[in-house]
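Just so it is clear, none of the values below were taken in a lab; they were calculated from the coordinates. Since the structure is predicted, the reported quantities are computational estimates derived from the model, not experimental observations. Every residue, glycine among them, receives a Cβ derived from its backbone with ideal geometry; neighbour counts consider all protein chains shown.
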Amino acid sequence: MQMNVIDLPISRERLARTFIRLCETDSPSGEEGRMAALVTELLCSLGAPPPFEDDSAAATGSQCGNLIFRLDGGLEREPLFFNCHLDTVEPGRGIKIVRQGDLFTSSGETILGSDDKAGIAALIEAWQVIRENNLPHAPLEFVFTTCEEIGLLGAKSLNPAHLRAKMGYALDTSGFGRVIIGAPASNRLSITVKGTAAHAGLHPEQGINAILLAAKALAIAPCGRIDDETTVNLGTIQGGAATNIVPEQVLIEGEVRSHSMKKLVRLTREVETAFRKTISDWRDPSGKAKGIPALDFQAELDFSAMKLGLNDAVIGRIAAAAASIGMNLSYEIAGGGSDANIFNGCGLPTAIVATGMTNVHSTAEQVSLEDMTQLVRLILALAVI
């Protein structure tokens, strides 16, 4: 029998207090220990069994492992997991929340932290509503990962055998009423251009300027939006030692993303070709250079693509849940990666659900209490549908 959750009382102010407390607890990537302790305290005080903590900290370098709360519910339904990440990007220390009506922002010097604490707060409130109303529900798992913002490291280190649920939802994208059913694969690039150091004033002709070589390669490498499903970004560059030294080495880091593995491979190869051509085309105009340039090009698959169909069980379940509470959802393809990419790659169908956050990864980040409240209602509907 389907349980009607439309009229279940959700405490908006309690949700607001939880959200503020979470956001004002620092948890930059790798320093999630206090956040893990707080989430454990809040859920266990509401009757949740102590979480299972895995041994991923050894691989991620985090202060803690991933946390899995296993919540039996009395309904014979397919188990579900809900995923949020514990970490935030910088600047994320000393966050002070400003509330204007239903809208939450930071004081302006830091991020807000709604990525991903809006999702965490919604899960905690949903569990409190379940407990207060003795609401029978499907077997649930709350999966809190570490180091998501620096490469999905926690999810990559999570053994999928630890999860009894075989499908779930990552509460981790902007806007509201959006369900992400497709996201690209990504190759992480690390490109080292090697030249030769020399005194820039006394005998620059003896050096090989790695920055100049890198600039020439960057000028001909593909970059930006390539097509509707493919992007390339060469995002950081480090090199040189001093203004009076011909720079010996430059490190460039970037990424290639595509919904097509064929295009991912092709664009990665095109970036590499641009750098190799630049190195091979180098000529010593004076004949006095002490050495020849070299290149170290590394490309590693960061995460696989995710692609869900509208007929997949994980999508059918959220569509039915939303319909049961009169909520309209849109199903979209996105350009970002998340823990859901990793779960899908492990054979665990996972859709990404919007939490209401906007302007994420910036000091203009914000979220509304109404959107978080409606997210709680959707979680409850998913739990009983």
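Assorted remarks:
- Search result, residues across region 98-135 that are part of a helix (DSSP H, G or I), of a type outside the set (A, V, I, L, M, F, W, C) and buried (at least 24 other Cβ atoms within 10 Å of the Cβ): S114, D115, D116, K117, G119, E125
- Subset of region 22-75 [without any contact (Cβ under 8 Å) to a residue 60 or more places away in the chain and farther than 23 Å from L152 by Cβ]: E41, C44, S45, P49, P50
- Test for E229: is it among the acidic types (D, E) and under 30 Å from P285 (Cα atoms): no
- Subset tally (residues that are under 30 Å from R77 (Cβ atoms) and of a type outside the set (S, T, N, Q)) for region 273-320: 16
- For region 1-21, the set of residues classified as in contact (Cβ under 8 Å) with a residue 24 or more places away in the chain, of a type outside the set (G, A, S) and more than 28 Å from G74 (Cβ to Cβ) consists of F19, I20, listed by residue number.
- Candidates are the residues of region 1-21 that are within 17 Å of L103 (Cβ to Cβ) and aliphatic (A, V, I, L, M); the one that is surrounded by the most Cβ atoms within 10 Å (Cβ to Cβ) is L15.
- When residues in region 230-277 are screened for being in contact (Cβ under 8 Å) with a residue 12 or more places away in the chain, of a type in the set (S, T, N, Q) and more than 30 Å from E332 (Cβ to Cβ), 4 of them pass.
- Residues satisfying the stated conditions in region 54-63, i.e. among the hydrophobic types (A, V, I, L, M, F, W, C) and within 18 Å of the chain's Cα centre (by Cα): A57, A59
- Residues that are of a type in the set (S, T, N, Q) and surrounded by 18 or more Cβ atoms within 10 Å (Cβ to Cβ) were ranked within region 242-273; the one that is nearest to A215 (Cα to Cα) is Q249.
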